[in-house]
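The values are calculated or read from the model by the stated rules, or taken from the named source; none is laboratory data. It should be emphasised that the depicted structure is a prediction, and the values quoted were computed from it without experimental measurement. Heads up, the Cβs are rebuilt from the backbone with ideal geometry, glycines too, and the neighbour counts pull from every protein chain shown.
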Amino acid sequence: MKKAIFRYVETELFDYPYTKEDIESLRDNIIEAVPIFDSANGMSRKPNYKISDSTYSKGTQLLTNRRLRRMEETVTAIDKVLAKLPKEKMELVRLKYWECRLSNHGVAEALHVSDATYYRWRNEVVTAVAIELGLVNVAEVG
């Protein structure tokens, strides 16, 4: 796998908890958007919406917002991989990407594994996420 893809996937793993929060915040912002009254023609409208029915336009915005869709796809891909991980690899993800207090060697020590095992597990996790995101295919890493 290319270094750039590996780094990108690791960044998504580091950001995963924040991305989940951002998804909820963006959804809430879309749902709770307040109509704006346009005094020029006496109509209320939503910014950037072409449809007058606010419920329909909010639903459309939730479905078509590219940033929201990309974040949801990323979180879903990571969730699928995490659901399949054995507990020791899940612990690696927690220590390496979410707590971020230990060095690579420190994570290996905390897991009671060698550095080589730590790096192999890390590569397996990152590769699984990259495959789930469609960034690489199984034949490329195979």
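Kindly indicate whether LYS89 is in contact with a Phe, Trp or Tyr (Cβ under 9 Å, 6 or more places away or on another chain), under 22 Å from LEU135 (Cα atoms), in a helix (DSSP H, G or I) and free of Cβ contacts under 8 Å to residues at least 60 places away in the same chain. Reasoning before the result, please.
On the way: in contact with a Phe, Trp or Tyr (Cβ under 9 Å, 6 or more places away or on another chain): yes; under 22 Å from LEU135 (Cα atoms): yes; in a helix (DSSP H, G or I): yes; free of Cβ contacts under 8 Å to residues at least 60 places away in the same chain: yes.
Taking the combined requirement at face value, the residue satisfies it.
Please determine whether any residue of region 63-85 is out of contact with any Ser or Thr (no Cβ under 9 Å at 6 or more places or on another chain) and modelled with pLDDT under 70.
For region 63-85, residues out of contact with any Ser or Thr (no Cβ under 9 Å at 6 or more places or on another chain) and modelled with pLDDT under 70: present.
If CYS100 satisfies every condition in (1) of a type outside the set (S, T, N, Q); (2) within 15 Å of LEU13 (Cβ to Cβ); (3) modelled with pLDDT of 95 or more but one, which is the exception?
Tallying (1) of a type outside the set (S, T, N, Q); (2) within 15 Å of LEU13 (Cβ to Cβ); (3) modelled with pLDDT of 95 or more, CYS100 fails exactly one: (3).
Taking into account only those residues within region 103-141 that are out of contact with any Phe, Trp or Tyr (no Cβ under 6 Å at 6 or more places or on another chain), assigned to a helix (DSSP H, G or I) and of a type in the set (Gly, Ala, Ser), which is nearest to GLU10 (Cα to Cα)?
So, considering only residues that are out of contact with any Phe, Trp or Tyr (no Cβ under 6 Å at 6 or more places or on another chain), assigned to a helix (DSSP H, G or I) and of a type in the set (Gly, Ala, Ser), the one nearest to GLU10 (Cα to Cα) is ALA130.
Tell me yes or no: at least one residue of region 114-122 is buried (at least 18 other Cβ atoms within 10 Å of the Cβ), hydroxyl-bearing (Ser, Thr, Tyr) and under 18 Å from the mean Cα position of the chain (by Cα).
Residues of region 114-122 buried (at least 18 other Cβ atoms within 10 Å of the Cβ): 118, 121-122.
In the following step, the residues that additionally are hydroxyl-bearing (Ser, Thr, Tyr) were identified as 118.
Adding the requirement that they be under 18 Å from the mean Cα position of the chain (by Cα) leaves none.
For region 114-122, residues buried (at least 18 other Cβ atoms within 10 Å of the Cβ), hydroxyl-bearing (Ser, Thr, Tyr) and under 18 Å from the mean Cα position of the chain (by Cα): absent.
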